[in-house]
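Some notes on the structure that comes next.
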Amino acid sequence: MENSMTNAANDVNTISVKDLTLEEKASLTSGGDAWHFQKIDRLGVPGYMLTDGPHGLRKENSETAALDMANTVPATCFPPAAGMSSTWNPDLVREVGKAMGEECVQEKVAVILGPGVNIKRNPLGGRSFEYWSEDPYLAGHEAVGIVEGVQSQGVGTSLKHFAANNQETDRLRINARITERTLREIYLPAFEHIVKTAQPWTVMCAYNRLNGVFGSENRWLLTDVLRNEWGFKGIVMSDWGAVHDRAAALNAGLNLEMPPSYTDDEVVIAVKNGAISEEQIDMMAQGMLELTAKAEEAMSREGFVFDVDEHHRVARRAAQESIVLLKNEDKLLPFAPNAHVAVIGEFARTPRYQGGGSSHINPTKMTTILDELDERGSHYTFAPGFTLDNSLQDAALTQEALEAAKSADVVLFCMGLPEAEESEGFDRTHLDMPAKQLELLSYVAKVNSNVAVALSNGSAVQMNPWQDDAKAVLETWLLGQAGGSAVVDVVFGDANPSGKLAQSFPLDIKDDPSMVNWPGGEQTVDYGEGVFVGYRYYDTFDVDVAYPFGFGLSYSTFDILDVKVEATSDTTALVHAMVKNTSSVDGAQVVQVYVNPADTTPVQRPVHELKGFKKVFLKAGELAEVEIGLDSRAFAYWSEKSNNWRVVKGTYGVEVATSSRDIVSRETIALEGDHYYAPLNEWSNYGEFKADLFGAKAVEHMIELGRAGELPAIPEDNLGVQMFLESMPVNSMAVLFGKDGKKLTQFLLEDYAAERANG
Ligand code: BGC
């Protein structure tokens, strides 16, 4: 059978791993070159293309070159995740994904490498602009739209970088040491949600080590958790160059090495000598065949051409909703349509619209702020104000900017981080804005007090004290190719800002909880802050921030009324609220739901965590009802003791809010919990026995028998004894009660076992 097939008769859908020789199976587990799967001519298995992402298509013209950043086909440059994450609009993200999928079909790309959903552990992280949030719920529930949208077009995505790629410093080797609870609650849920709800065709492993094991060799991650627990059906590929041992990677569950290290012959030997089992190589190769079969239909479509203008329009809408209005004193924004605007700052002419590195897209079009103002025929005077390099400030540029500011009604000051300051490959070392831009801003504010700043940056920056020089601040992030139009749309009120921050802006980077262990050393970084990342730390420990997570203003005003929270089962709830646009301007509000831990929580938990949100678009004066369901994960913590999620019985708080610091209403609900009681043993303490359903009965029986004289009596009124007893493992009761203590220990354990056995 094996060698009898010819390519003419084959349909990829019908080829199975059984039709392949060992050499062919091995060949499927590495790329054909840097951007293709390996083909098998004999069987007609095509070597489809896969390429970067994640906020547009980066397809190199040369097809095979490993890295040819400058020479890529034009594709729509949508806002990078730094911007898109502020939309809080999964439907819009899905539209962007769909458009990206269409571009893949045209360009015959079977898999686009993204989205990247690693947590922004620290705003200095070099790829913050490519990642979605400091919050795993938000990251997962937004980025899932990219996967759904792209895959609706019959092409695949690659959810990356699995897992814990949260810094660029030493990213190829760093060993991230993270407790399981922290992983489960913070660093894995975005992956988990997307895998469970959208089945990305592929997942890309991370370069780094996690608790000592490289991402590419981590069987716990790639097989136990991803496939067995979450039900992942696709293939796992390596990040570029992340495989160091083919056999270890294949055994861990990594199907595809990218780019190839041309060591397939070693894989064959490893199977022959038993280092890789037949079953495992079959499974890994079968995954590759299935992936190819899934892509076949879209890859066979001839002559499909995407609509460049329509995709530019999608990019513009995405950019509009990405913009966050941070401040708007005296309602300076929006500017009157006929205002004379001094547009100051090189960014208005040379926009910063994406980050550096493997995600660099070659846009189909580009509209700068100046282009859009020209298009509209707006009355403006432009002065570049500063250069984007490190040269000292040019006095002539300052002078020109001041002249422009003096003669205008209002100033749009376009400032930000130059490209060289933010990229894949290195972390930032500070949050400061370039000094010459800040100095110019302070001079401009002295000659014209009506300054609105438009900020371009991929992650949080230091906001104080410079923001005192601006009446209005728009966080415009990196907005992709239609960003210039989107900024002008917002500045003149043709679009109403509705973005909300997906990351906290600290007052000072020293306030960030991860700084004690950032970025680590000697190839190791400890995630010592645990689950207290971003607002989870700031809000729990009342640390002031410049702008909180979830924050963003609007030209509209809103009321949130009639909040009701009801338990819908022992571990779930439903939140109802009415939202009213109380202004004369159409706009959108994001209703955010945070959950406070139970009063009975057995572990330290953040004061609140985002567990639901809904963006509501409301015409002027409109009222709408919002319902947000809270599933059991909304209340659960990861119990290391039980090795599972647990919802304890208790009273939980449910907050409806417009940012993590703007809580509109706080309700409490009592939940019965999951009725799970981890087994107790002799090392469980007396307090734990009392808190356990069965243990409490054993304690009660012991006390009753003590009163009846059938067991040694516990001195119930002796507070000192009670205090000692509470935290004492039950095997130590002899310390307090001598020989009698042994009897008590034995009784407790036996009675508990009997109660538990009876259910
Ligand atoms: C990056 C990935 C990217 C790959 C291919 C790697 O260095 O970490 O995100 O998809 O290169 O360009």
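Summary of computed values
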read-out: Residues of the stretch 260-277 classified as touching a residue at least 40 places away in the same chain (Cβ under 8 Å), assigned to a loop (DSSP other than H, G, I, E, B) and either in contact with a helix residue (DSSP H, G or I) (Cβ under 6 Å, 6 or more places away or on another chain) or more than 16 Å from the ligand (Cβ to nearest atom) (or both), total; value: 2
read-out: Check on E257, among the charged types (D, E, K, R), within 16 Å of the ligand (Cβ to nearest atom) and more than 15 Å from P115 (Cα to Cα); value: yes
read-out: Any hit, the stretch 60-72, residues being at pLDDT 95 or above, hydrophobic (A, V, I, L, M, F, W, C) and within 15 Å of the ligand (Cβ to nearest atom); value: no
read-out: Residues satisfying the stated conditions in the stretch 153-193, i.e. among the β-branched types (V, I, T) and within 16 Å of the ligand (Cβ to nearest atom); value: V155, T157, T169, I174
read-out: Wholly within the stretch 683-759, helices (runs of 4 or more DSSP H) carrying at least 2 residues that are at negative phi and surrounded by fewer than 14 Cβ atoms within 10 Å (Cβ to Cβ); value: 693-707, 719-726, 739-758
read-out: Filter result for F214 (within 20 Å of A198 (Cα to Cα) and surrounded by 21 or more Cβ atoms within 10 Å (Cβ to Cβ)); value: no
read-out: Those strands (runs of 3 or more DSSP E) lying entirely in the stretch 156-259 with at least 3 residues over 27 Å from L610 (Cβ atoms); value: 235-237
read-out: In the stretch 117-169, the residues that are buried (at least 24 other Cβ atoms within 10 Å of the Cβ) and among the charged types (D, E, K, R); value: K120, R121, R127, E130, E134, D135, E142, K160
read-out: Matching residues, the stretch 108-152, being in a helix (DSSP H, G or I), more than 16 Å from the ligand (Cβ to nearest atom) and over 13 Å from the mean Cα position of the chain (by Cα); value: E148, G149, Q151
read-out: Residues of the stretch 340-361 that turn out to be under 23 Å from F78 (Cβ atoms), aliphatic (A, V, I, L, M) and more than 16 Å from the ligand (Cβ to nearest atom), as a count; value: 1
read-out: Residue match in the stretch 409-421 (condition: loosely packed, with under 14 Cβ neighbours inside 10 Å and assigned to a helix (DSSP H, G or I)); value: yes
read-out: Matching residues in the stretch 147-187 - criterion: being touching a helix residue (DSSP H, G or I) at 6+ places or on another chain (Cβ under 9 Å) and more than 28 Å from Y538 (Cβ to Cβ); value: V147, E148, G149, V150, Q151, S152, Q153, G154, V155, G156, T157, L159
read-out: Contacts under 6 angstrom Cβ, first residue in the stretch 154-177 being under 19 Å from E134 (Cβ atoms), partner among the hydroxyl-bearing types (S, T, Y) and surrounded by fewer than 24 Cβ atoms within 10 Å (Cβ to Cβ), 6 or more apart; value: R171/Y207
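The values are calculated or read from the model by the stated rules, or taken from the named source; none is laboratory data. Nothing here was measured: the structure is a model prediction, and the numbers come from that model. Neighbour counts are summed over all protein chains in view; Cβ atoms, including those assigned to glycine, are modelled from backbone coordinates with ideal geometry.
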